[in-house]
Amino acid sequence: HGSVSADEAARTAPFHLDLWFYFTLQNWVLDFGRPIAMIDSFELLYYYDEYLGHCMWYIPFFLILFMYFSGCFTACKAERWMPGPALLLVAPSGLYYWYLVTEGQIFILFIFTFFAMLALVLHQKRKRLFLDSNGLFLFSSFTLTLLLVALWVAWLWNDPVLRKKYPGVIYVPEPWAFYTLHVSSRH
């Protein structure tokens with residue numbers, strides 16, 4: 001972010017609806033389609049998915065999101081709002097990240113990324129740089145995710161079975177564990 005001319009500062013970066021829509025759609029399809037594809041070779045794929053896959057997928061995933069986020073600042077204060085399509089995508093995006101954090105058991109990685117984003121926003125604000133619509137979208141999605149995770153944990157805080165399954169200070173039960181214990185057992 002070097003010196004910016006007045007004309008460049010007056011222009012607003014467009015919201016990348018195509019990018020964020022397809023990215024959200026791809027995340028939902030690939031994450032929910034994977035279990036269906038891995039029904040023939042379950043044990044081997046389970047190991048790779050749960051241990052090796054989480055490191056190989058989630059660390060670069062959040063690193064790339066943070067790198068993208070770091071480029072979403074502008075000197076133009078007029079762009080401090082999100083267009084309608086962005087507002088419509090915040091809920092499914094935030095819900096997907098909630099699922100990713102809870103089912104993937106990656107709360108520490110998520111919260112680290114969220115606080116890094118927050119620190120960057122505060123740092124750039126001192127330089128009089130503000131989030132553009134894409135940065136606002138991503139930050140809003142992460143904020144919604146944090147709220148959903150907090151509500152999820154608060155709701156299940158006193159569940160004795162899940163507490164036993166997920167001991168420790170960081171208690172973030174998986175939705176699948178909740179489903180198998182409380183929803184599918186009723187049928």
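Towards the positive end of the charge dipole of region 17-183, with charges on Cβ (+1 Lys, Arg; -1 Asp, Glu), say which of THR102, VAL121, VAL161 has the farthest Cα.
So the residue we want is VAL121.
Please give the solvent-accessible surface of LEU118 in Å², to the nearest 10, using a probe radius of 1.4 Å with every protein chain present.
Using a 1.4 Å probe on the heavy atoms, I get roughly 60 Å².
Starting from 0.36 nm per residue, how many nanometres of slack lie between VAL29 and ALA150 once their C-alpha separation is accounted for?
Working: separation 121, 0.36 × 121 = 43.56 nm, distance 2.53 nm.
Once the chain is fully extended between VAL29 and ALA150, it gains 41.0 nm.
Using a 1.4 angstrom probe, figure out how much accessible area region 17-183 has per residue, in square angstrom, rounded to the nearest whole.
58 Å²
Please give the solvent-accessible surface of VAL169 in Å², to the nearest 10, using a probe radius of 1.4 Å with every protein chain present.
Here the residue's solvent-accessible area equals roughly 140 Å².
I'm a student and want to see the number: the projected area of the Cα convex hull of region 17-183, averaged over all directions, in nm². Don't jump to the answer; show the numbers that get you there.
Details: hull surface 44.5 nm².
That works out to 11.1 nm², a quarter of the Cα hull's surface.
In nanometres, what is the gap between the two model label sites at ILE111 and ILE170, each 7 Å from Cα along Cα-to-Cβ?
0.7 nm
The values are calculated or read from the model by the stated rules, or taken from the named source; none is laboratory data. Note that the structure is a prediction, hence the values are computed from the model and not measured. We place every Cβ from the backbone using ideal geometry, glycine too, and count neighbours over all the protein chains shown. Remember, those area values only see protein heavy atoms, side chains included, never the ligands or the DNA or RNA. Shrake-Rupley method; radii C 1.70, N 1.55, O 1.52, S 1.80 Å.
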